[in-house]
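Notes follow once the structure below has been shown.
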Amino acid sequence: MKLFNVRRRNDASLFLNHRHVERFFRYSSMSYMPLQQNGKHQFATSHALRIYRSNAIYSFIPKNACSTLRLSIAYANGCIDNTDKFNWIHNNNHTFRADLSSLLTANYTFTILRCPYARLASVFLDKIVSRDPVAWRLYELSDRKVKLEDFTFSNFIQVLKMNHIRYGEIHWRPQVDFLVYKDYDDYFNVENFAHASQTLKNKINLDIIDARPFTNHGIEKLNLMDDDFSETSPLDIFVLKRKGMCPRPSSLYNKESIDTVTFFYGDDIKLYRKQFGSSSLMFK
């Protein structure tokens with residue numbers, strides 16, 4: 001058992017109390033139907049989590065350090081107190097879901113974006129290569145036309161051209177769909193996560209607890225390879241990973257894949273470039 005070695009402070013100024021901010025929702029006025037029936041708004045709301053002590057809202061996006069943030073928030077909200085309880089977060093994705101009032105009256109809002117090219121490469125190297133349940137979801141969405149062992153990264157990107165597949169699984173669904181607000185107090189990016197960690201500690205006293213030792217999602221400890229892996233089978237990549245090697249995420253792409261992501265994830269790329277410029281994008 002590893003206890004969380006963090007200390008809470010009661011400095012109310014950290015929590016931005018009494019701050020008046022006009023907040024507007026991203027999808028609420030796109031339809032005149034009752035808000036409860038507005039699918040886009042309800043989807044975004046379901047991924048907006050409350051941090052109670054600081055009256056903050058975090059919009060979580062899968063594959064964008066969301067396990068680390070959900071773990072940190074579970075601790076901050078008093079639901080777990082040691083790393084033995086890490087898996088609690090997987091059955092409680094929506095436990096801290098915000099209602100309309102708490103969304104509107106939040107003192108602080110933030111989200112974490114990721115280079116869209118890097119995010120899709122991460123999905124493939126993590127979920128598809130390991131034959132995670134998410135991979136079987138891809139198999140079903142694509143009408144079982146491609147066996148999982150033959151689902152190369154090139155095949156994966158090509159099927160994302162189809163709307164029912166692109167929107168059919170949260171791990172590759174466009175990032176903008178998860179954003180409940182038109183604008184956030186802070187946008188952070190995975191590529192500069194240290195800045196997010198320090199800022200969240202300073203602004204809302206949120207201690208970031210790294211979930212990577214418990215998820216085994218990352219490739220940081222593997223030797224990255226630079227060959228062309230765009231048509232390499234998931235099984236071959238799995239074998240490489242077992243040997244301590246892995247394709248560099250950019251090596252999964254060929255020109256067609258780059259063009260496909262650039263087009264179909266254009267809103268994500270536009271938002272990322274607006275907030276962080278182009279220097280951290282995998283492809284400029």
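Table for the structure above
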quantity	calculated
Any pair with Cβ under 7 angstrom, 6 or more apart, that starts in the stretch 162-181 at a residue that is closer than 11 Å to Ile61 by Cα and ends at one that is among the hydroxyl-bearing types (Ser, Thr, Tyr)	Arg173/Tyr167; Pro174/Tyr265; Phe178/Ser59; Leu179/Ser59; Leu179/Thr111
One residue from Thr232, Thr260 being β-branched (Val, Ile, Thr), farther than 20 Å from Ile61 by Cα and out of contact with any strand residue (DSSP E or B) (no Cβ under 9 Å at 6 or more places or on another chain)	Thr260
Residue check for Arg53: modelled with pLDDT under 95, in a loop (DSSP other than H, G, I, E, B) and under 12 Å from Asn205 (Cα atoms)	no
Selection count, the stretch 59-84, where residues are assigned to a loop (DSSP other than H, G, I, E, B), over 12 Å from Leu49 (Cα atoms) and in contact (Cβ under 8 Å) with a residue 40 or more places away in the chain	5
Leu100 vs. criteria under 15 Å from the mean Cα position of the chain (by Cα), among the aliphatic types (A, V, I, L, M) and on the phi < 0 side of the Ramachandran plot	no
Members of the stretch 67-98 found to be within 24 Å of Gly218 (Cα to Cα), open to solvent by less than 60 Å² (accessible area, probe 1.4 Å) and polar (S, T, N, Q), listed by number	Ser67, Thr68, Ser72, Asn82, Thr83, Asn92, Asn93
Subset of the stretch 244-274 [farther than 13 Å from Ala121 by Cα, touching a residue at least 12 places away in the same chain (Cβ under 8 Å) and assigned to a helix (DSSP H, G or I)]	Glu256, Thr260, Thr262, Phe264, Asp267, Asp268, Ile269, Leu271, Tyr272
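Okay, residues lined up against (1) among the small types (Gly, Ala, Ser); (2) buried (at least 17 other Cβ atoms within 10 Å of the Cβ); (3) modelled with pLDDT under 95; (4) in contact with a Ser or Thr (Cβ under 8 Å, 6 or more places away or on another chain):
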site: Phe15; (1), (2), (3), (4): no, yes, yes, yes
site: Gly39; (1), (2), (3), (4): yes, no, no, no
site: Tyr58; (1), (2), (3), (4): no, yes, no, yes
site: Pro62; (1), (2), (3), (4): no, yes, no, no
site: Ala65; (1), (2), (3), (4): yes, yes, yes, no
site: Thr105; (1), (2), (3), (4): no, no, no, no
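The values are calculated or read from the model by the stated rules, or taken from the named source; none is laboratory data. Quick caveat: nothing in here was measured; it's all calculated off a predicted structure. As a convention, Cβ positions derive from the backbone with ideal geometry for all residues, glycine included, and neighbour counts pool all protein chains shown. Each accessible area value is taken on the protein alone, full model and side chains, heavy atoms only, with ligands, DNA and RNA left out. Shrake-Rupley method; radii C 1.70, N 1.55, O 1.52, S 1.80 Å.
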